[in-house]
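Report on one structure; see the data block that follows.
The values are calculated or read from the model by the stated rules, or taken from the named source; none is laboratory data. Treat the numbers as computed from the prediction; the structure is a model and nothing was measured. For neighbour counting, all protein chains shown are included, and Cβ atoms are generated from backbone atoms with ideal geometry for every residue, glycine included. When the accessible area is computed, the model is the full protein with side chains, heavy atoms only, and any ligands, DNA or RNA have been set aside. Shrake-Rupley method; radii C 1.70, N 1.55, O 1.52, S 1.80 Å.
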Amino acid sequence: MADRVTVIGWDGSPLTAAARSALGAATLVAGAAHHLTLTAVPPTAERIRLGSVSLAARRIAAHRGTAVVLADGDPGFFGVVRTLRAPEFGLEVEVVPAVSSVAQAFARAGMPWDDAQVVVAHPRTLRRAVNVCRAHTKVAVLTSPGAGPAELGLLLQGVHRTFVICEELGTEREQVTVLTSDKAADHTWRDPNVVIVIGGPAAASDAGWIAGRDPGTPRGWALPAPAYGGDAQLGEGESDRLRAAQLARIGPRVGDLVWDIGCGSGAFSVEAARFGAAVIAVDADPDACARTTAVARHFGVQPQILHGTAPHILEDLPEPDVVRIGGGGAEVVSAVADRRPARIVTHASTRDAAELIGRGLTEHGYAVECALLQSVELDTRAWTERERTVVFLLSGQLPDRAP
């Protein structure tokens, strides 16, 4: 095992005395091509060009001598330190940090970033990174080859965002470009780069006590009817009790894309978005779309709201993770199941309709649950029944999809 492993962050500024001392004593240096050309790298040291950090870690673990790993920005922030410290390599590391590339990008843009989401986009995580950009007003994306500004722009089709693209930060070739997301695919971008994605209403200027997404107000979820304009605005499938059960079944989370088909008043769309998920809300009624727009603006979330009839409008939508179906019956349920979301929830007002939907989900390979939900609202001043509702809640889960 290497006698000593030092990880040095590099942000383009002159190396610190501690970094120069560690490099001067190194018998092995690992880094990207532009790191290995630094004059401070000893000419006699073994050099490893970083591709797979895991492979480099194995080489370092087997090395007899002093190793240095060079990395852009802060190596402890979405960097190589996590991999090097993995138990299988047994490496103890010292870290000489630098300014993170995210901090540099926001500094170049002249923007605060304590209210930003930060995500890493690899080809395998690109879709989830895009969903965060759909759902949040300020996101920094650490890109990679095959998951860069062009790919982000293409997958954000139909959602307007502003991109601040920072290429090769800290080098002589550093460049900052501001353009709309639909134009990003028209250019070739140099690696490494960071993309700041801006869209939607600005965060409150006094929200400065927690980094990232503020939990926000109001407290709680499955809010009662008055929060959405009263009982007259809510449809049969939008009661707070049913909504609570639906949210519990699908568990929307950051990085998910939720379809809300038959969004009605927008109550479910808003609640799913408040969990941090990206939401596409669909309804055939233009008034329902208008109500959803209004409540989304009121609660400070930004679902994408589409006027159209399911199942036809679903054909061109990006792939969902979970889906709530507020109307349309077995035909819409079947069309959704063809797209293979991990979880589907819907409801039926009769047992015959519930059996038909449940059979369709089962035929598509979903494990199906059905519960008869009865809720009785009481007037607590007289303890008398005010309203009773009965509905069948159906949920389907794909066994072969991650929970």
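Some observations on this one:
- Of the peptides 267-278, 150-161, the order by per-residue mean of other Cβ atoms within 10 Å, starting with the highest, comes out as 267-278, 150-161.
- Rounded FRET efficiency, nearest 0.05, which uses the C-beta distance separating residue 177 from residue 25 and R0 of 41 Å: 0.55
- Among 212, 358, 220, the largest mean-square fluctuation in a Gaussian network model of the chain (Cα springs under 10 Å) belongs to 220.
- Convex hull of alpha carbon positions in the stretch 1-138: directionally averaged projected area 9.3 nm².
- Of the residues 104, 304, 374, the one that moves most in a GNM of the chain with alpha-carbon contacts below 10 Å is 374.
- Of the trypsin sites (Lys or Arg not before Pro) in the stretch 348-403, those whose Cβ has at most 11 other Cβ within 10 Å and which sit in DSSP loop: 381
- Taking only protein heavy atoms and a 1.4 Å probe, the accessible area of the chain is 53% carbon and sulfur.
- For the chain: accessible area per residue (Å², 1.4 Å): 48 Å²
- Converting phi to 3J(HN,Hα) with the Karplus coefficients 6.51, -1.76 and 1.60 and the offset θ = phi - 60°, the stretch 17-32 yields 4, 5, 5, 5, 5, 5, 5, x, 9, 6, 9, 9, 10, 10, x, 6 Hz in sequence order, with x at every glycine or proline.
- Gap separating the Cα centres of the stretch 122-197 and the stretch 350-403, nearest whole Å: 41 Å
- For a label point 7 Å along the Cα-to-beta-carbon line of residue 86, residues of the stretch 37-75 with backbone N under 16 Å: 50-62
- Trypsin sites (Lys or Arg not before Pro) within the stretch 88-127: DSSP coil, no more than 16 neighbouring Cβ in 10 Å: 124
- Residue with peak Gaussian network fluctuation, the chain [Cα springs, cutoff 10 Å], from 378, 55, 91: 378
- Estimated inter-spin distance, residue 209 and residue 353, nm [label 7 Å along Cα→Cβ]: 4.4 nm
- Straightening the chain between residue 362 and residue 253 buys 36.7 nm, computed as 0.36 nm per residue apart minus the Cα-Cα spacing.
- Pairwise FRET efficiency - residue 309 versus residue 52, Cβ, R0 = 30 Å, nearest 0.05: 0.05
- For the stretch 174-190, Karplus couplings with θ = phi - 60° (6.51, -1.76, 1.60), whole Hz, Gly/Pro x: 4, 8, 10, 10, 10, 7, 7, 4, 6, 9, 5, 6, 7, 10, 9, 10, 8
- Computed over protein heavy atoms with a 1.4 angstrom probe, the accessible surface ordering of 387, 331, 238, largest first, is 331, 387, 238.
- Taking amide H as placed 1.01 Å from N in the peptide plane, residue 10 has its amide H under 5 Å from the amide H of 71, 72, 73, each at least 5 places away in sequence or on another chain.
- Axis angle, to the nearest 10 degrees, between helix 240-250 and the longest C-alpha principal axis of the chain: 40 degrees.
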